[in-house]
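The values are calculated or read from the model by the stated rules, or taken from the named source; none is laboratory data. Since the model is a prediction, treat every value here as computed from it, not as a measurement. Here the Cβ positions follow ideal geometry from the backbone for every residue, glycine too, while neighbour counts run over all protein chains shown. Each accessible area value is taken on the protein alone, full model and side chains, heavy atoms only, with ligands, DNA and RNA left out. Shrake-Rupley method; radii C 1.70, N 1.55, O 1.52, S 1.80 Å.
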Amino acid sequence: DLAARAACADPAARFDALRDVLVRLRQLRYYGMQERGDWLTRRTLVVDDSETTRRLLRRSFENAGFLVDAARDGREALVCMRRTPYDLVIMDLEMPVMDGWRSTRELRAWERDAPAGVRPQRVCAVSAEPQRRDGALR
């Protein structure tokens, strides 16, 4: 399981998991995204309180052909997601100010009340704490 390997404390396992993520990103770029038409802009938001992680993910996504914005916490992410429709949001769950759980819940509530034509944004939740898997982000 890729998520379990990425959450692993072993640096070698985490590196392997990140390499697998990059392989899948390239597959998305070359196969899935080009076949879907103009509605997919490859616009991505990376949300993490770690500047190092934000830089690493930004560079990885940009190298795979994505347009990337970044936010330091859930509150900044919420502002970005209300202003810009993203094809993919990579959201850390454990952050100061507003965590990823609350940010995603507030986004979903906003999307339910939003004008017609606003499509739900895909949020990929990541965490170093594997025991927090039970909170569905709906």
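Remarks
- The residues in the stretch 74-92 that are touching a helix residue (DSSP H, G or I) at 6+ places or on another chain (Cβ under 8 Å), within 16 Å of residue 126 (Cβ to Cβ) and open to solvent by 10 Å² or more (accessible area, probe 1.4 Å) can be counted, and the count is 2.
- Close contacts from the stretch 93-115, counting a first residue that is touching a residue at least 12 places away in the same chain (Cβ under 8 Å) and assigned to a loop (DSSP other than H, G, I, E, B) and a second that is among the basic types (Lys, Arg) and open to solvent by 20 Å² or more (accessible area, probe 1.4 Å), with Cβ to Cβ under 7 Å and a gap of 6+ residues or different chains, come to 93/132; 97/75; 98/75.
- Residue tally, condition of a type in the set (A, V, I, L, M), closer than 21 Å to residue 23 by Cβ and within 11 Å of the chain's Cα centre (by Cα), over the stretch 55-105: 5
- Qualifying residues in the stretch 50-72 (those that are open to solvent by less than 20 Å² (accessible area, probe 1.4 Å) and out of contact with any Phe, Trp or Tyr (no Cβ under 7 Å at 6 or more places or on another chain)) - the one modelled with the lowest pLDDT: 64
- Lone unmet requirement of (1) modelled with pLDDT of 90 or more; (2) surrounded by 19 or more Cβ atoms within 10 Å (Cβ to Cβ); (3) touching a Pro at 6+ places or on another chain (Cβ under 9 Å) for residue 45: (3)
- Selection of the stretch 93-124 for residues being acidic (Asp, Glu) and surrounded by 12 or more Cβ atoms within 10 Å (Cβ to Cβ) yields 94, 99, 106, 111.
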